[in-house]
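None of the figures in this text is laboratory data; all of them are computed from the coordinates on show. Quick caveat: nothing in here was measured; it's all calculated off a predicted structure. Here Cβ is always computed from backbone atoms with ideal geometry, including for glycine, and neighbour counts include all displayed protein chains.
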Amino acid sequence: MQKHIAVLPGDGIGPEVTEQALEVLKAVEQAFGHQFSYTHALVGAAAIDATGNPFPPETEQACREADAILFGAIGHPKYDNDPKAKVRPEQGLLAMRRKLGLFANLRPVQSYPALSDMSPLKNDRLEGVDLVVFRELTGGIYFGEPRGRSENGESAFDTCLYSKAEIERIAKLAFEAAQRRRKKLTLVDKANVLATSRLWRETVKAMAPAYPDVTLDFMFVDNAAMKLIQQPAYFDVIVTENMFGDILTDEASVITGSLGMLPSASVGDQVALFEPIHGSYPEAAGQSRANPMAAILSAAMLLEYAFGMAEESQAINQAVEQVLAEGFLTEDLNRTNPQTTQAVGSRIAALVKESVAAKN
Ligand code: IPM
Ligand code: MN
């Protein structure tokens, strides 16, 4: 199948982990007889340095013309301690989400038995952890207007705003995902305090009769934060607003044992974007120490969700599990005998090719 991928490596460790994801995609092309084409484009600090804009029009164009987007990471420390910086790399990420209409962010979290000792949670709590968070990505307090400082500068304000339509379109995806999974959906909100949360509850409740096979429950976000640690296996599909989702997915990510394992997908009306959730990790940039697995698993998500290539995606997932079992891992997962980013990527690519050769 001829498919086109926009590749946005971005900042920090983004380029090196994305390169390994591309290695693995090339292995898939070879092993399964596909042909993908790739357009590289700038985003984040890399794009500010080159053009002054963290999401330049050429990059937007490349994204719109692609069948899927593979994204690395955004962020650079030189902007973090400068509250006066006029453009920030993160604005590129927010602009990209908004302009491409990527309204739902899917963040799956599963426990890998091979990593159970790396998790901060006790082993018995990890059993059966397999959840996915549907985080709303283009609304809420991240984008609501008005926002800013009062005239005398002594106060500041943000606006949390949601429409029914914004809630319905992501809730629909979450209900449908629950139907394909263990048929349980939890809406996380703060309906005891916030008007937007009450609208979320009312809207999602009204949709429930259309999904009679799905059990819907509601949880306040503070309670959900606790439950994620006490009993993470309780959850199947979680749906929540932008900022709650941001916070809860970072929390959920440590359950696995390494942030370096978690892929994500951002979907909307058109092209979908796939990215590791670990961010740019500038301290490790260019040192070949970053775990490429989250980027590689994001490529697996891309194949399944954007191209409908379930078997190809599965081949990558299995190769990752095998490498985990072998202990052939970067320093975040193997302190005594760490491998490089490139070595782990190449090993996974080789296993993908081997698994297919073995079948033929
Ligand atoms: C994420 C990040 C972003 C967010 C930042 C970098 C703007 O934390 O993708 O979760 O808050 O959405
Ligand atoms: Mn975040």
Among the lysines, select those whose C-alpha is under 25 Å from the C-alpha of Lys3, and discard any that sit fewer than 8 residues away in the same chain.
-> Lys26, Lys99, Lys353, Lys359
Roughly how many Å is it from the Cα centre of the range 1-29 to that of the range 215-233, as a whole number?
-> 35 Å
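Rank the residues Ser253, Ser150 as a footprinting-exposure proxy: fewest other Cβ atoms within 10 Å of their Cβ go first. Could you put the intermediate results ahead of the total?
Values: Ser253 21, Ser150 9.
Final ranking by Cβ density, sparse to dense: Ser150, Ser253.
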Computed over the range 120-256, the relative contact order (Cα-Cα under 8 Å, seq sep at least six) in percent reads 38 percent
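Tell me whether the range 117-231 comes out rounded, prolate or oblate; compute the Cα gyration tensor, take square roots of the eigenvalues as a ≥ b ≥ c, and use a/c under 1.5 as the rounded threshold. Show your work: numbers first, answer last.
Working: a/c = 2.54, a/b = 1.39, b/c = 1.83.
In terms of gyration-tensor shape, oblate.
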Report the extension gain between Ala165 and Arg335 in nm, rounded to one decimal, defined as 0.36 nm multiplied by the number of residues separating them, less their alpha carbon distance.
-> 56.4 nm
Across the range 120-256, qualifying lysine pairs (alpha carbons under 19 Å, at least 8 places apart or different chains) come out at 13
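Where does each of Met261, Met309, Met243 land when they are ranked from fewest to most other beta-carbon atoms within 10 angstrom? Please list the in-between numbers first.
On the way: Met261 25, Met309 20, Met243 16.
Ascending Cβ contact count within 10 Å gives the list Met243, Met309, Met261.
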Can you tell which of Asn192, Thr159, Thr138 lies farthest toward the positive end of the dipole of the range 75-215, using +1 and -1 charges on the Cβ of basic and acidic side chains (Lys, Arg; Asp, Glu)?
-> Thr138
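Would you mind telling me the antiparallel percentage of the DSSP bridges in the chain, rounded to 5? Before the final figure, lay out each step's value.
On the way: 17 of 44 bridges.
Given both bridge residues lie in the chain, the antiparallel proportion sits at roughly 40 percent.
Need the full-extension length gain, Ala206 to Asp250, defined as separation in residues times 0.36 nm minus the C-alpha distance. One decimal, nm. Could you put the intermediate results ahead of the total?
Numbers: separation 44, 0.36 × 44 = 15.84 nm, distance 2.95 nm.
That pair, Ala206 and Asp250, stretches by 12.9 nm at full extension.
Give the relative contact order (percent, whole number) for the chain; include only Cα pairs under 8 Å separated by 6+ residues. Numbers along the way, then the final one.
Working: 763 pairs, mean separation 84.1, N = 360.
Relative CO of the chain lands at 23 percent.
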Fewest-first ranking of Lys359, Lys353, Lys227, using other Cβ atoms within 10 Å as the exposure measure | Lys359, Lys227, Lys353
